[in-house]
Amino acid sequence: MSQTLPDFDQITDALRALGAESEAAENHGLLCAMLSTMEGVTADAWLDIALSGTGQDALAPEPPESLRTLFEETRRQFDSDEFDFHLLLPHDEAILAVRVEALGHWCQGFLAGLAVGGIQQPENLPGELPEIIKDMLEISRAEGYELEGDSEDEAAYTELVEYLRMGVLLFREELRRQFSGAGDGEVPIH
């Protein structure tokens, strides 16, 4: 049964209520990288990283249920064979510039999550993964663009989102192969 991620604004509000300085997209990128690079990641481990520097202990008070739902649904999407993984981004009705900025934040979070997961030399990753990381780095710098919001800009944004969606699924699959080949649950590329 396919479900959807919680609402972007709801997640941003939940994070702000806990004192997080980063918003929903960045923290979802962080979560996706952690799930890709680390075996046995828990919601609490993700929230500890997401809330670090806030003075807030992710275990007390109990984080809003929406954050745990985001964690569980993202993990379910990753483990699904149906390719129904989605990036947590603002609704399509949001201004294009806002969506592009959030996409950049999502990539920033993913890149930070790679470091949390122990990826120190991404150029040594297998296959197309180094190129995907390079592209994410470029997208993470996406802000201040003059966007018309016309159909060409919308199409380009949609293509970027789909590229990242499939790139993250490829990333996860390649690292799963690495996990299974390492034998000790660790990503052997550092």
Practice item. With respect to F85, determine if the residue is assigned to a loop (DSSP other than H, G, I, E, B) and either under 17 Å from L164 (Cα atoms) or open to solvent by less than 30 Å² (accessible area, probe 1.4 Å) (or both). Key: yes
Exercise for review: Run down A43, A17, A24 and say which single residue is buried (at least 24 other Cβ atoms within 10 Å of the Cβ) and of a type in the set (G, A, S).
Suggested key: A24
Practice item. For region 95-105, state whether one or more residues are under 15 Å from T12 (Cβ atoms) and in a loop (DSSP other than H, G, I, E, B). Key: no
**Study point:** Criterion violated by M136 - all others in (1) buried (at least 19 other Cβ atoms within 10 Å of the Cβ); (2) of a type in the set (A, V, I, L, M); (3) touching a Pro at 6+ places or on another chain (Cβ under 8 Å) satisfied
**Key:** (3)
Check your understanding: Which of (1) of a type outside the set (S, T, Y); (2) open to solvent by less than 10 Å² (accessible area, probe 1.4 Å); (3) assigned to a loop (DSSP other than H, G, I, E, B) does P126 not meet, given it meets every other one?
Key -> (2)
Exercise for review: Would you check if there is a residue in region 52-64 being open to solvent by less than 50 Å² (accessible area, probe 1.4 Å), of a type in the set (G, A, S), under 16 Å from E21 (Cα atoms) and modelled with pLDDT under 95?
Suggested key: yes
Exercise for review: Considering every residue within region 18-35, establish whether at least one is at pLDDT below 90 and part of a helix (DSSP H, G or I).
Suggested key: no
Practice item. Kindly indicate the residue of region 36-56 that is out of contact with any Leu (no Cβ under 8 Å at 6 or more places or on another chain) and assigned to a loop (DSSP other than H, G, I, E, B) and also nearest to G117 (Cα to Cα) among those meeting that condition. Key: M38
Practice item. Pairs only if they're at least six apart or on different chains, beta carbon under 8 angstrom, first in region 142-162 and under 16 Å from A102 (Cβ atoms), second part of a loop (DSSP other than H, G, I, E, B) and at pLDDT 70 or above; list them, first residue then second. Key: G149/I95; V161/L87; V161/L89
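The values are calculated or read from the model by the stated rules, or taken from the named source; none is laboratory data. Worth saying up front: this structure is predicted, and the values here are computed from it rather than measured. So basically every Cβ, Gly included, is an ideal-geometry build from the backbone, and we count neighbours across all protein chains shown. Remember, those area values only see protein heavy atoms, side chains included, never the ligands or the DNA or RNA. Shrake-Rupley method; radii C 1.70, N 1.55, O 1.52, S 1.80 Å.
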